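Working notes, structure below.
The values are calculated or read from the model by the stated rules, or taken from the named source; none is laboratory data. Not measured: the values here are computed from a predicted model. All Cβ positions, even for glycine, are placed from backbone atoms using ideal geometry, and neighbour counts span all protein chains on display. Just the protein is used for accessible areas: all its heavy atoms, side chains included, with ligands, DNA and RNA removed. Shrake-Rupley method; radii C 1.70, N 1.55, O 1.52, S 1.80 Å.
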Amino acid sequence: MSGTKRDAPGMRQEEKDSAVVTGTKGTDSGAGLSGEKQFPTEKLLKSKQLAGYQPDFARVILTEPAYSVSGAKEALDAALKGGRS
């Protein structure tokens, strides 16, 4: 297989998001309480999903070893927006 990443037909959006973060197809082996796949914080900080956040601030805010993409975004938004929407 070449070094290019291909999406499998019928891949769900969260599986596509998982593939972007990890470079592989997602599995349920790292699912947290919410049922979402958990990723190492360092990989999330380098991912496209969190590209809109300042990495230095995000690194200080995300203190757990792993987060789901939505969990990381919620934690960052709550801290950076003072809990306001």
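For the reader, a short list of remarks on this structure follows.
- Counting only protein heavy atoms and using a 1.4 Å probe, the accessible area of T63 comes to about 110 Å².
- Model label sites at A78 and E42, defined 7 Å from Cα along the beta-carbon direction, differ in position by 2.6 nm.
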